[in-house]
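Structure, as structure tokens:
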Amino acid sequence: MENHATSLTEEANYLVVSQHKAHGDLIIPQAPTPQPQQNYSHFPMHGITEGSLQPQECGPRCTGRCSKTAYKKPCMFFCQKCCAKCLCVPPGTYGNKQFCPCYNNWKTKRGGPKCP
């Protein structure tokens, strides 16, 4: 949805600029307002970056990752499988997969995310 809204905004800016150029006016569009960046500094970086965990550290990391799901058994199974391959687990209980590209990019046969 965000991409659609962005493209509509860009299209509207283009139309406004095009109309003014036709009348000889020069309009310089304003840059989009920067979005605030989320601060992940409260997460320790050890274990987040790819390859930074030892295999024996996967269990505790996955326990934390899967702590809020109603599907603990499959979450733990796949989290540990992904951690064993990637040696990292993203911070938090959901999302943040950008910290561990291997974990993020491993897909199921159907193209869905393999790692929780």
Subject >> Long-range neighbours under 8 Å by Cβ, at least six apart or interchain, first residue surrounded by 22 or more Cβ atoms within 10 Å (Cβ to Cβ) within the range 78-95, second basic (Lys, Arg) >> reply: CYS79/ARG61; CYS79/ARG65; CYS82/LYS114; CYS83/ARG61; VAL89/ARG61; VAL89/ARG65; PRO90/ARG65; PRO90/LYS97
Subject >> Members of the range 54-77 that are hydrophobic (A, V, I, L, M, F, W, C) and open to solvent by 60 Å² or more (accessible area, probe 1.4 Å) >> reply: ALA70, PHE77
Original post:
Are any of the residues in the range 1-19 at pLDDT below 50, charged (D, E, K, R) and within 20 Å of the chain's Cα centre (by Cα)?
Top reply: yes
Original post:
In the range 99-116, which residues are surrounded by 11 or more Cβ atoms within 10 Å (Cβ to Cβ) and not in a strand (DSSP E or B)?
Top reply: PHE99, CYS100, PRO101, CYS102, TYR103, ASN104, ASN105, TRP106, LYS114, CYS115, PRO116
Subject >> Top-ranked residue of the range 58-73 - restricted to ones that are free of Cβ contacts under 8 Å to residues at least 12 places away in the same chain and assigned to a helix (DSSP H, G or I), ranked as farthest from the chain's Cα centre (by Cα) >> reply: LYS73
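The values are calculated or read from the model by the stated rules, or taken from the named source; none is laboratory data. All values derive from a computational prediction rather than experimental measurement. Virtual Cβ from ideal backbone geometry, glycine too; neighbours counted across all protein chains shown. Protein only, heavy atoms only, side chains kept; ligands, DNA and RNA dropped before computing areas. Shrake-Rupley method; radii C 1.70, N 1.55, O 1.52, S 1.80 Å.
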